[in-house]
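K.L.:
The structure under discussion is supplied below as structure tokens; questions concerning it will follow.
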Amino acid sequence: MESSVQPQSKATESAYRSFIRQNGDGERLTALRQQLEQLNTIGKRFVAAIDRFQVHRALLATLQELYSFSACSILLKGTPFELSIIPRYPLTGQFLQAMIQNIARAASVIDFPHVTAEELAAIADLDAPDDLTPSYSGTPSEATEIGDFLNIPLTVENRIIGILSLFDEHPGTFDTELLQLTTMIADYAAVALENVRLRERHMALWRAAEHERQRLELIISSMAEGLLITNAQGAIISLNSSAQHLFALAEVVLEQETPASLRHLATSTSVNWLSDLADIIDQALAGNIVMHRELIAGVTGENIPLTLSISAAPFHDTSLTAMQPIGVVAVLNDITPSKQVEKLKDEFVSIVSHEFRTPLTAIKGYTQHLIRRIERRLREARQKQQSTGSLAELPESYDLRSLNIVQSETEHLERLVSDLLDLSRVQWGELDLKYTSFYLADVLAERVRLAQVSAEQHTIFLDIQVQDSRIVADQLRVGQVFGNILDNAIKFSPPSRQVTVKLQERDDEYLISVIDQGIGVSPEYFDHIFERFYRVRNATSRQYSGIGMGLFVARAIVEAHGGRIGFSSNPGIGSTFYFTLPRVPHTSTLQL
Ligand code: ADP
């Protein structure tokens, strides 16, 4: 709150009245004018003062027009007290000491916190304004005692803020006739000092705020992360140097002078990722926090384009009650180097998986060949047995069972290798589907047959509720998705429990459900199990093998077909995993 210098109207009025009484009615106007001019000069002196030293000068200049005195002092309340002694000419140490004792006494009788002469002596500040007092250059006084003194409280809005004291070495200096006028001058000084105090406080606060602002600016500009701040309209109002560098890398030129909204910038330039960035900013402006959203900001087609991870949050004006954000603060991270490492890792996995495929194909082919030969031999042997009437178990039937297990496990291994290969394809958006027309029921039946061979104790029940299950899809990948889900149903349910596979038709899509009576999934993991490499890690699930890749790849394949994947589960009772596939995908030109 800023105070201003105001003449104390009551004191002024009574001063006029006494002056007019003395001078008679005839000279009333002249007297009044003189009085006003005098007040105006005094007021101006104090109003112009911008620091306490200038107030001291104004005070000295005004008081010495009334009295010839040795010194004045101002004691101000506060923590700590402030005592300024303003001599008009050099004074002896004893005189100054006597002044301080007098001020301490005056303070104890005026409404003032207790203060001793010793305390005052320790904080006293001698302000000798030699430029304003010509008499200061005269011979130093030898006086050691005070002849006369005057103590006047300094008040602002009826609040005592300090004491003004006047001292002279000669007795009888301070005329009681002039007391009213002196009080009025003290009031001017009080208001001027209060204004100075407020100004100093404001300046100190401003300096602290400015210091803090510069510190923050320095921190923000040295951040390795890019920082982008928008206003409520989604226009960039501030960018740190890292963010500017990232925009420059992405070849985006920003108008510094007139910030346009990001949405506008996205439509007016041909930079695609800016509209994704505008979406993120809009989401944050709607009150949401966006975390680690990845954007490809570099030229697509490059081996590893510039990739940014962006997090954004709205910010509010704490002084406003309105919930509407006044802007968004977004952090931009260049994650291209980690993408490069990821790509290298994926390429390595891809090469190794390819290398696995060749021997696997050979194992599968030779196993099938052996199975067919043994089946033929078995048929011939059974025919012989029928003719001889023998019921003995043939050794070929053991061989056939063993080979079927080899085939089933090879299929499992092949699925893992396919998942590994697809994993990096999904990562880099390179999942190509090879559409053909086939019977979905056949694919499910074949997978169930193979699974049943190695899961002898489980009963897998296949419930086909569809007459004609023709579909246009990527047959191998559909088999891969179903195989992953069926493997999980068998793996996560105890032997002897039934696993049911259902094929149903809904409008123009198929619904495939795999129902198990296994360990189930607790609700807290529901949101995660389709994430890459995610596995539930609790006491029940720890014993099961796996790498947390199957469902991630399955979801990518199903979604690439235009289908959906999901599940419902009750821990300890069982789960139902399902996925849908359109009979004919929208993108395919193949007919059923
Ligand atoms: P993996 O089976 O190799 O661990 P998945 O991606 O296929 O990886 O599955 C991820 C996780 O989801 C599993 O580790 C398991 O915790 C949970 N899960 C998947 N299917 C089932 C199921 N039928 N019953 C219980 N938990 C399951």
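The values are calculated or read from the model by the stated rules, or taken from the named source; none is laboratory data. This is a predicted model, so every value here is computed, not measured. Cβ: placed from backbone, ideal geometry, glycine included. Neighbour counts: every protein chain shown. Just the protein is used for accessible areas: all its heavy atoms, side chains included, with ligands, DNA and RNA removed. Shrake-Rupley method; radii C 1.70, N 1.55, O 1.52, S 1.80 Å.
K.L.:
Cβ-Cβ distance below 8 Å, separation of 6 or more or different chains: which pairs start in the range 547-559 with a residue that is farther than 20 Å from P582 by Cβ and end on one that is near the ligand (Cβ under 6 Å from one of its atoms) and open to solvent by less than 20 Å² (accessible area, probe 1.4 Å)?
P.N.:
Sorted first by the residue in the range 547-559, then by its partner, the pairs are G550/N484; L551/N484; L551/I529.
K.L.:
A follow-up question, please. Of everything in the range 337-380 that's within 44 Å of the chain's Cα centre (by Cα) and among the basic types (K, R), which residue is surrounded by the most Cβ atoms within 10 Å (Cβ to Cβ)?
P.N.:
Going through the qualifying residues, I end up with K339.
K.L.:
Out of the residues in the range 452-497 meeting the condition of being closer than 13 Å to V514 by Cα and open to solvent by less than 10 Å² (accessible area, probe 1.4 Å), tell me which one is nearest to the ligand (Cβ to nearest atom).
P.N.:
A489
K.L.:
Any residue in the range 422-442 that is more than 17 Å from V478 (Cβ to Cβ) and at pLDDT 85 or above?
P.N.:
No, there is no match, as no residue in the range 422-442 is more than 17 Å from V478 (Cβ to Cβ) and at pLDDT 85 or above.
K.L.:
Now for a different question. Can you pull out every residue in the range 64-101 that is open to solvent by 10 Å² or more (accessible area, probe 1.4 Å) and assigned to a helix (DSSP H, G or I)?
P.N.:
Result: G93, Q94, L96, Q97, A98, I100, Q101.
K.L.:
Could you list, in sequence order, all residues of the range 566-578 that are under 36 Å from the mean Cα position of the chain (by Cα) and either within 11 Å of the ligand (Cβ to nearest atom) or polar (S, T, N, Q) (or both)?
P.N.:
Initially, the range 566-578 is screened for residues under 36 Å from the mean Cα position of the chain (by Cα), giving 566-569.
Residues satisfying the conditions are F567, S568, S569.
K.L.:
Of the conditions (1) touching a Phe, Trp or Tyr at 6+ places or on another chain (Cβ under 7 Å); (2) buried (at least 21 other Cβ atoms within 10 Å of the Cβ), D419 fails just one. Which one is it?
P.N.:
With respect to (1) touching a Phe, Trp or Tyr at 6+ places or on another chain (Cβ under 7 Å); (2) buried (at least 21 other Cβ atoms within 10 Å of the Cβ), D419 is out only on (1).
K.L.:
How many residues, within the range 530-539, are touching a residue at least 24 places away in the same chain (Cβ under 8 Å) and either within 7 Å of the ligand (Cβ to nearest atom) or open to solvent by 30 Å² or more (accessible area, probe 1.4 Å) (or both)?
P.N.:
1
K.L.:
Looking only at residues in the range 570-584 that are part of a loop (DSSP other than H, G, I, E, B) and in contact (Cβ under 8 Å) with a residue 60 or more places away in the chain, which one is surrounded by the most Cβ atoms within 10 Å (Cβ to Cβ)?
P.N.:
In this case the residue turns out to be V584.
K.L.:
OK, next. Answer yes or no as to whether F567 is in contact with a strand residue (DSSP E or B) (Cβ under 7 Å, 6 or more places away or on another chain) and open to solvent by less than 70 Å² (accessible area, probe 1.4 Å).
P.N.:
Considered against the rule, which asks whether it is in contact with a strand residue (DSSP E or B) (Cβ under 7 Å, 6 or more places away or on another chain) and open to solvent by less than 70 Å² (accessible area, probe 1.4 Å), F567 comes out as yes.
K.L.:
For Q517, which of the numbered conditions (1) out of contact with any Leu (no Cβ under 9 Å at 6 or more places or on another chain); (2) over 16 Å from S569 (Cα atoms) fails to hold?
P.N.:
(2)
K.L.:
When you scan the range 519-528, do you find a residue that is modelled with pLDDT of 95 or more and surrounded by 15 or more Cβ atoms within 10 Å (Cβ to Cβ), even just one?
P.N.:
Start the filter on the range 519-528 by keeping residues that are modelled with pLDDT of 95 or more, which leaves none.
Looking through the range 519-528, none of the residues is modelled with pLDDT of 95 or more and surrounded by 15 or more Cβ atoms within 10 Å (Cβ to Cβ).
K.L.:
Looking at I557, I512, I519, can you tell me which residue is more than 26 Å from W428 (Cα to Cα) and more than 12 Å from the ligand (Cβ to nearest atom)?
P.N.:
I512
K.L.:
Sticking with this one: Determine which single condition A106 fails, assuming it passes every other condition in (1) closer than 25 Å to D51 by Cα; (2) small (G, A, S); (3) open to solvent by less than 20 Å² (accessible area, probe 1.4 Å).
P.N.:
Failing condition for A106: (1).
K.L.:
For the range 542-554, how many residues are of a type in the set (A, V, I, L, M) and more than 6 Å from the ligand (Cβ to nearest atom)?
P.N.:
The qualifying residues number 2.
K.L.:
Only one of these is β-branched (V, I, T) and without any contact (Cβ under 8 Å) to a residue 12 or more places away in the chain: T388, T436. Name it.
P.N.:
Only one candidate qualifies: T388.
K.L.:
I need every pair where a residue in the range 371-382 that is under 13 Å from P395 (Cα atoms) has its Cβ under 6 Å from the Cβ of a residue that is hydrophobic (A, V, I, L, M, F, W, C) and open to solvent by less than 100 Å² (accessible area, probe 1.4 Å), sequence separation at least 6 or different chains.
P.N.:
Within 6 Å, the pairs are I374/L400; A381/L394.
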